[in-house]
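Rule-based calculations on the coordinates, nothing more; no lab input. This is a predicted model, so every value here is computed, not measured. Counting neighbours? That spans all protein chains shown, and the Cβs are built from the backbone with ideal geometry, glycine included.
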Amino acid sequence: MPERATAPASTAATSALAAARLAAAMRDATDTRDLRFGPGAVSQTGAMFAGLFPGRAAVVVADEHTWAVAGAAVTAALTGAGVEVLAPVLLAGRPVVHADYDTVTTLRVALEPLDAVAVAVGSGTLNDVTKRASAELDRPYACVGTAASMDGYTAFGSAITKDAFKQTLAGPAPRGVLADLTVMAGAPARMSAYGYGDLIEKIPAGADWILADELGIEPIDEDVWMLVQGPLREALAPAARIRAGDEAALTGLVEGLLMSGLAMQVHKSSRPASGAGHHFSHLWEMEGLGADDDPPLSHGFKVGLGAVSIAALYERVLEEDLTTLDVDECVARWPSREAMAERVRADFAEPLLTPALAAVLRKYVTAAELRARLTRLRDRWPVIVERCRAQLLPAADLARLLDEVGAVSHPAQIGLSPHAFRATYRRAQMIRDRYTVLDLLTETGRLGPVVDRLFEPDGHWGRDRTTTGE
Ligand SMILES: [Zn+2]
C-alpha cells in the first residue's frame, strides 16, 4: 500500500476532516453523545463534561503515568468550565494498571460513595476498568484518551480478566470521548503500534464478514461497513510516520480506531471490527501469553500477528477451487455434536474448556444445515473469491507494515513456540461462535491440510525456519 504521492495535509485540516466524518458517524451511536478530536482537544474536556452532565461533579480516574501526562490539563479544563472536580482516584500502576476484576472492584469501591461522574484519563486499561466500574454503579462516564493504542474508547464492553481468563464484560461506551492528538503523539511509539495492530486486523476481518454475508449467516450492514473500511487503508499507509509520532499520520490511525469503536457501538456487535485474527489474540489472551511481561504483551501486538496469520491463510484458501466441492463427502465426514465436543476436549483444559465447548456447540450446524451452507459456498465461490481478493492485502505486506510501525509480525517475537503457534489455527476456531474463514475450513474438512501448506517451504511461515519446528 504505497503512500500517496501528494504532500500530507496539515494536521489541523486533516483532523477537521476526520472530526467531521466522526461527527457523521455519531448519528447512530447509542451511548456516546459527544466526541471531540484534534490537536489540543483536551482543553475542551470541561465544555464536553458540562454539556453532558450539567450540574454534576467530576472525578478523574488515572494512574501515576496518565495523571502526569494529562491530569492537570483535564482538571484545569473542567474547573475552567465551572465543573466541581473532586480529588482524583489514582490507581496504583507499577509498571501498569492490570485489566483484571480486582482493579474493577477497587475502583468501584472508591467511586461508589462519590456523587460524581468518572472521567477516565488513559488508554486501554484505564478506560476498560472505568467503563466496567461505572456500569456496575449504573452511572455514565467520560473518557480522555492518552494514546492511539486500541479501538475501545468508543466501544461498549470491557476486556477484563475474571475467573482466570480474559473476557468481555458488559458496559456501555463512554457518554463523552475526547482524543487529543497532541497528547497521543507524545505517547511512547509502541502504544501507537498497539493501536495499529488492532486496526490492521480490520482488513482480514472484513473478508470474514464477506464470507458470512455471502453464506447468509450475517449480512453486511453497508453503513457500518463503511465506518470501518472507508478510512482504513489510508489510515494504515503511513506506518513509518506513525512510528515517528507524526501528528498528521497519527490522525488517520486515531480516526480509524474511533470509527471502529463507533461501528461496534452502532452494530451492537464487534463483528464490524473483529474477525479470526482477533480470535488468535483472544486465545493467547485467555492463556495469559505475555501477561507477566513488563509491559504486558498488548492486545494490539497479538491482534496484528493474528491479522498476518489469517491473511496468509486466506491466500491459500482463495487458491482452492471450491466450485467442485464434494458436498456429499463433507456432510458424510461431518462430526456429530458429541464428536465435535470430543475435539474441543482434546484441545482444551479448564478454565478454557467450558467457554470453548459452549462456543463450538452454539455454532454447531446439523448435517442438513451444513449441506445447505456448503451448497451455497460451492455456488457462490467465484463471487466470494473476487470479493475477498478485493478486500485483502498480501500477508507479506501486512507483515512489512507491522514491522515499519514497530509492532509484531512473527510468533517468535512474542515467545510463542512453533508448535503452539501452529495449533492456534485449529484452537482459535473453537473459542468464538463468530463465523470466519476458520469455520469455512473446518466445515469443508480442509483446515489441517491448508494450514500445513503455510508451513511448507514455499508457505508464508515455511520460508522461515523458526516457525517450522514441531
Ligand atoms: Zn481489538
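Annotations
- Summary of the geometry: the stretch 335-381 and the stretch 187-202, compared by the centres of their Cα atoms, lie 33 Å apart.
- FRET E, pair Ala13, Ala57, Förster distance 30 Å, beta-carbon r, rounded to 0.05: 0.20
- Net lengthening on full extension, Thr366/Ala412 (0.36 nm per residue, minus Cα-Cα): 12.7 nm
- Compared with the alpha-carbon gap, the fully stretched path from Leu137 to Ile217 is longer by 25.2 nm at 0.36 nm per residue.
- Span-rule helices in the chain, defined as complete DSSP H runs reaching 24 Å or more along the axis (Cα) with Kyte mean at least 0.5: 247-267, 299-317
- Rounded to 0.05, the FRET efficiency of the Glu287 and Asp163 pair, given R0 = 22 Å and the Cβ-Cβ distance, is 0.95.
- Helical content alone sets the calculated 222 nm signal of the chain at -16000 deg cm²/dmol, taking -39,500 (n - 2.57) per DSSP H segment of four or more residues and averaging over every residue.
- Distance between the pseudo-spin-label points of Ala87 and Thr182 (7 Å out from Cα toward the beta carbon): 3.0 nm.
- Model label sites at Ala396 and Arg376, defined 7 Å from Cα along the beta-carbon direction, differ in position by 3.6 nm.
- The value for the stretch 31-187 of Rg(Cα) / (2.2 N^0.38 Å) is 0.93.
- 16 Å cut-off, amide nitrogen to a point 7 angstrom out along Ala20 Cα→Cβ, residues in the stretch 208-231: 231
- Whole-angstrom gap from the stretch 157-180 to the stretch 24-58, using each part's C-alpha centre: 19
- Across all Cα pairs in the chain, the calculated P(r) in 20 Å bins from zero up to the longest distance comes to 25, 56, 18, 1 percent per bin.
- Members of Lys202/Lys302; Lys268/Lys363; Lys131/Lys363 lying beyond 21 Å, as alpha-carbon distances in this model show: Lys131/Lys363
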